[in-house]
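Asks: One structure follows; several queries about it will come next.
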Amino acid sequence: MVEFCPKCNNIMLPKGGVLKCVVCKHEEELGDANQEYALKEKIESKKQDVTVIENVDTLPTTRIECPNCGNMEAFWWLQQTRCADEPETRFYKCKKCSHTWREYD
Ligand SMILES: [Zn+2]
Ligand SMILES: [Zn+2]
C-alpha cells in the first residue's frame, strides 16, 4: 500500500500506527476502518465458536469419535455461548489430533 501526502504529495510510510510523510512529517491515520472491523468480527465469531482451552490435561475425557481422525477418546467441557438464555454447549477436543469441535444436537 502506497499513500501520498495530501500536503506535499510525497510518499507516506506507515510508522507506529500512522502514516507519516517522509518530507513534511504530516501524519495520517493508518488504515482502513473496514479491515479493522472485519478482523474484530473474525475474532468475535471465533470466540463464540470454539474456545482454545489451555490446560486440557485437567479436563475429563469421554468416548466419542473424532470427526477429524476417528480417534475414540476426547476431552470435553461445557461452555456458555452467545446469550445466557441458551443452554451450555459441550465442546470436545480429540486426545490424538487436538481437533476441537462442538456438540450439535
Ligand atoms: Zn508531506
Ligand atoms: Zn482426532
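Here, each number is a calculation from the coordinates, and none is a lab measurement. Predicted model, so just to flag it, every value in this text is computed and none were measured.
Asks: At 0.36 nm per residue, and after removing the present C-alpha to C-alpha distance, how many nm does the segment from D57 to K15 gain when stretched out fully?
Replies: Separation in residues times 0.36 nm, less the Cα-Cα distance, equals 10.9 nm.
Asks: Want the number for N68 to H26: 0.36 nm per residue separation, take away the alpha-carbon distance, what's left?
Replies: 9.9 nm
Asks: Still on this structure, I have one more. Across 10 Å bins from the origin, how do the percents of Cα pairs in region 59-101 run, short distances first?
Replies: For region 59-101, the pair-distance distribution reads 32, 43, 22, 2.
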